[in-house]
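Just below is one structure, and these are the notes that go with it.
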Amino acid sequence: MNGDTLRAEITELSRFLAAPADDPFLDVVVALFQSEPAAARAALDPMLTKAPADIRLLALEADVWRDEGRFDDAADRYRRLIWGTSRPSLLATLTQHLGKVHFAARQFGDAAECFERSLALRVDNGASVDLVESSRRALERANEEQRAGS
């Protein structure tokens with residue numbers, strides 16, 4: 001994760017591609033992680049017609065919207081996905097991504113609230129150390145940006 005933007009990045013493409021080779025959304029994820037929203041959109045659009053209700057697909061579309069600067073659309077999508085789930089691990093992930101939308105939109109107070117909720121959910125539900133640390137670092141960054149803008 002890029003500490004400045006809070007966006008995932010690929011540092012070793014060949015290693016990244018070796019791990020999730022069976023992921024049907026791999027092309028979309030790679031394009032997003034390489035900051036190529038047009039390529040992500042091109043890979044995503046055909047899938048949306050085949051599986052329009054797939055939660056991961058809908059979340060990826062929200063990430064594309066975020067990267068296209070369509071922050072309101074992305075935030076609305078994540079809010080709807082959050083409202084539609086009760087699984088704590090998924091709720092934490094979706095809330096973290098909503099926070100990233102707010103962060104990208106420079107809405108640092110809203111981002112911090114999301115990261116704080118995601119962190120609490122992850123801690124309360126025994127998430128991995130990496131996931132807890134991801135939420136903790138995102139919360140720290142949002143708070144830093146919020147203080148800098150005050």
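Quick look at the values:
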read-out: Near-label residues of the stretch 87-128 by backbone N, under 14 Å of a point 7 Å along Cα→Cβ of ARG136; value: 116, 119-124, 126-128
read-out: Within a Gaussian network of the chain (alpha carbon springs, distance under 10 Å), most fluctuating of ASP27, ASP130, ASP110; value: ASP130
read-out: Sites GLU68 and ASN125 - FRET efficiency at Förster radius 25 Å, r taken between beta-carbons, to 0.05; value: 0.20
read-out: Given charges at beta-carbon only (K, R positive; D, E negative), |dipole| of the stretch 85-140 in Debye; value: 140 debye
read-out: Within the chain, helix-based [θ] at 222 nm, where runs of 4 or more DSSP H residues each add -39,500 (n - 2.57), nearest 500; value: -23500 deg cm²/dmol
read-out: Length-normalised contact order of the stretch 13-149 in % [C-alpha pairs under 8 Å, at least 6 apart]; value: 15 percent
read-out: Around ARG79: net Lys/Arg minus Asp/Glu count, Cβ-Cβ under 12 Å; value: -2
read-out: For the chain: rounded, prolate or oblate by the Cα gyration tensor [a/c cutoff 1.5]; value: rounded
read-out: Candidates VAL129, VAL101, VAL30, ranked by Gaussian network fluctuation over the chain, Cα under 10 Å, top entry; value: VAL129
read-out: Label point distance in nm, ALA39-ASP76, each placed 7 Å from Cα along Cα→Cβ; value: 3.0 nm
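Readers should treat all values here as calculations from the given coordinates under stated rules, not as data from a laboratory. If you're wondering where the values come from, they're calculated on a predicted model, not measured in any experiment. Because the Cβ atoms are built from the backbone with ideal geometry, glycine has one as well, and the counts that use them run over all protein chains shown.
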